[in-house]
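Encoded as structure tokens, the structure appears first; notes follow it.
The values are calculated or read from the model by the stated rules, or taken from the named source; none is laboratory data. Just so you know, these numbers come straight off a predicted model, no measurement behind them. Cβ atoms come from the backbone with ideal geometry, glycine included; neighbour counts cover every protein chain shown.
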Amino acid sequence: MTDAATSPALETRGLHKRYGAVHALRGIDLTVQRGEMFALLGPNGAGKTTLFSILATLLRPSEGEARVLGFDAVRERVQVRQRMGIVFQEPALEGKLSVRDNLYLMGLFYGLSSRAAKARSIELLRTLGLEEVADREAQKLSGGQKRRVELARALVATPELLFLDEATLGLDVDARRQFWGEVRRYVGAGGTVFLTTHYMDEAEPADRIALIDHGQIIAMGSPQELKNRVGGGVLLLATEDDAQAAVWLREHGHNPEVSERGVLLVEPEPATVLPALLASLPVRTRRAEVHEPSLEDVFLKLTGRALEGGPAKPAPRAAGGRP
Amino acid sequence: MRGLFAVVMLDLKRLWVDRVRLISSLIQPLLYLFVLGSGLGASSTMGGKGYLHYIYPGVLGLSLLFSSVFAAMLIVFDRQIGFLKAVLVAPVSRFAIALGKIISGALQALVPATVLLVLLPLLGLDLSLPAFVELVGAMLLAAITFSALGVATAARFRSTTVFPILSNAVLLPMFFLSGALYPLDRAPTWLRLLAHVDPVAYAVDLMRGAVLGHTVYPPLLSIAVLGGFIVVLTWLATRVFSAGEEI
């Protein structure tokens, strides 16, 4: 109890995870403070879900230590579980039971008395705007409503820490906005959030972001800090032959990255160099774009690969990403 | 204690809202009884009281065995749809989850068994009060044993494709070996030996003792064997829920 109240929300040291020959996590050192909204951003198969599962007491690390709210995530998992809420990537509601019963029963699972569980369910239904669907079967709700019920379920025991694993995968923009609005409210009330995502717009509202790739954290900081690491503005050129353009740019002292969107250049003053480049490139440029760096650019710059693996498509579960 | 209550409440609420399952569990024992009782019963008499007397505890055993194992199999569905994860990540001890699942499975299996009990007078079976109490006690013990068997097994599986295999390769042999349909004491030696390791045999024998007044095994032995099965299977189920890296 001594340092549990003042310790960081999450702390890992030298965390490794191996599944047979697959080395899913390669030494993760991470500290998340209380009251922070922290996003783990990376492509599928990068190790996001593995790290998430270890922190959420669902998986044992092969090596290293993970402490959650001051408790050891392996040895003191019960203490951790009493203080955390979790929204899984997959739906975890009993579809045949009403929304109210789903919440009530989860309250019992978290040690609330029957009366307290009922009262807490009613409170959550009201704050999350679910009163109208309270007595409907969970399976008959829309995707966005279901997710909000899952959030309510995760909040039933008034947790200090909320885990969200790809929580708005497959939701439309409105439902997403509403979901993250609720999460923001929870953080505003003093809660800590640890979320994983492979959509940069979901990571954007976080206080801090860790970029993960091949089981390692390759960058960490506030969204602005990460963008500053790109070192300037981004110049995107869509040409008739991106590969040839990249070769030419390299020969002329630039450091281009080729993505599906075109050739990406980071320049301290992109607008200044653009006219000269357009004039001298050996291939015709169809479109040129200058913008502030996005998290996508940060990832591309650091890894040479795109984050979402092409245009927004429903993400398949990565093979080897978890067993 | 609250965890245990939560596990049982969850399953009972789910049975209650699942009207198809509830109604079929009320109809199923009638089917068993009339098919077995009138089909086989017309051609034979046994123990002086008619085959129906003889078959009745066997039908109870059949109903309890299949209902409780079927209830346990829902754990696999829960695992597949991801719902089990939400339960397993709650701060509830694995023992409470295992025991709660076993109790709820037994309670669910007792629903159709109660229908059979209610039918007792209609079947022309008259039991004295002590015999009736004895029968109910034996049923409870049988239900918990079978449910423990189901939970300890189902907790291991991640796919529902094993259901038919399990049903054909384990449950049916266990039932047929048990002497539920024929007297074990007149069965060939190899069959009797196999029945010695079959919990269904002890459970049916105990229930039959209450109905017919005589048993193959001493009742105390049956109670001890079933109690032993319950302890070991509960321990196994707890271990399965605690083990496995990914829960």
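Quick notes on this one:
- Close pairs (7 angstrom Cβ cut-off, 6 or more residues apart or separate chains): more than 8 Å from every other protein chain (Cβ to nearest Cβ) and without any contact (Cβ under 8 Å) to a residue 40 or more places away in the chain in segment A:65-86, β-branched (Val, Ile, Thr) and not in a helix (DSSP H, G or I) anywhere: A:73/A:57; A:77/A:57; A:80/A:57; A:80/A:68
- Test: residue in segment B:95-112 that is part of a helix (DSSP H, G or I), aromatic (Phe, Trp, Tyr) and at pLDDT below 90: no
- Scanning segment A:1-22 for residues that are surrounded by fewer than 22 Cβ atoms within 10 Å (Cβ to Cβ) and either touching a Ser or Thr at 6+ places or on another chain (Cβ under 9 Å) or of a type in the set (Phe, Trp, Tyr) (or both) yields A:8, A:11, A:16, A:18, A:19.
- Within segment B:155-199, the set of residues being touching a Ser or Thr at 6+ places or on another chain (Cβ under 7 Å) and part of a loop (DSSP other than H, G, I, E, B) comprises B:198 only.
- Condition met for residue A:83 (under 24 Å from residue A:180 (Cα atoms) and surrounded by 17 or more Cβ atoms within 10 Å (Cβ to Cβ)): yes
- Answer residue from segment A:99-113, given it is among the small types (Gly, Ala, Ser) and within 8 Å of chain B (Cβ to nearest Cβ) and is surrounded by the most Cβ atoms within 10 Å (Cβ to Cβ) among those: A:111
- The conditions of being over 18 Å from the mean Cα position of the chain (by Cα) and either outside the structural domain of residue A:211 (by TED's automatic domain parsing) or among the hydroxyl-bearing types (Ser, Thr, Tyr) (or both) are not met by residue A:53.
- Hits in segment A:87-119 (condition: in contact (Cβ under 8 Å) with a residue 24 or more places away in the chain and among the aromatic types (Phe, Trp, Tyr)): A:88, A:110
- Complete set of residues in segment A:121-153 that are within 20 Å of residue B:85 (Cα to Cα) and touching a Phe, Trp or Tyr at 6+ places or on another chain (Cβ under 8 Å): A:147, A:148, A:150, A:151
- Within the set A:232, A:215, A:221, the sole residue that is surrounded by 22 or more Cβ atoms within 10 Å (Cβ to Cβ) and at positive phi turns out to be A:215.
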